[in-house]
Structures are given as structure tokens and as C-alpha cells.
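**Q** Sharing a structure here in C-alpha cells format.
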Amino acid sequence: MDVVALSNPNLNGTTPLRVQPQVGEWGPREVVTARTKLRQRALMPLLVTAVLCGLVALGTFMFLQLQTGPMSRPAEIIVSIGVWVLPILLVASLVLAVVVWIIGRPYRDDGVTRS
């Protein structure tokens, strides 16, 4: 029969060090609260939907302006800005995603080296 030691204060068990929270005097430090997580989970779909709606609206506006013939001066400015900004944003988001993927990987401090 195995004896279980109930006095072990280490609640992390065998989890890797990179996922264990830093422990302060009164408990974990820099751990996001449940309320903040709930706000982020509610806000992110709204933000993504708003950004996508804005991009679709800009694309529709540009398409309609290019198809209907002569444009007003403000429409020309919006279309000319959109023609350059959209590809730049797409490339910048791709570069940012690659940089975050490369740099943002957690450092493993449990004896396994990073390759």
C-alpha cells in the first residue's frame, strides 16, 4: 500500500516549469483573473467581427467605385489609400504572426533545450 504525503505544498505536480505560475507570498503572481478572461472572451469575437465588417465595407466601396465610372475626389482618395493599405496590412500581419510564432514560443526550463 502506497502512502500519500498530504503535506506536500507543491500543487503543480509534474507540470513543466514554463507553465507553472510564479508564486508570491500570498499565492500566484501575474495570473490573469477569471473576470479578465471572461471580458477577453466576450470582446475578441466582437473586435474580429468589427474588423472584418470594416474590411468588407472598404472592399465593397472600392469595387463599386471602380465599377461605376467617374469618382468624386474623396472616393478617389479612399480607393487609392485602400489599394495600398490592404496588401501592406496583410503582409504586415503575416510577418507579425511569424515573428510571434518564432519569438513567442515559451522557453523550456525543465532541462530540455530549444532547437
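We did not get these values from a lab; they are worked out from the coordinates using the rules stated. Because the structure is predicted, anything quoted here is derived from the model rather than measured.
**Q** Starting at the first residue of region 37-48, write each ³J(HN,Hα) from the Karplus equation 6.51 cos²θ - 1.76 cosθ + 1.60 with θ = phi - 60°, in whole Hz, x for Gly and Pro.
**A** Values per residue, Gly and Pro as x: 4, 5, 4, 5, 5, 7, 7, 4, x, 5, 5, 4 Hz.
**Q** Report the Rg/Rh value for region 21-89, based on alpha-carbon coordinates and the Kirkwood definition of Rh. Don't skip to the answer; put the middle values down first.
**A** Details: Rg = 21.5 Å, Rh = 15.7 Å.
We get a ratio of 1.37 for region 21-89.
**Q** For Val23, what residues show an amide H to amide H distance below 5 Å, using hydrogens built from the backbone and excluding near sequence neighbours?
**A** HN-HN under 5 Å from Val23: Arg29.
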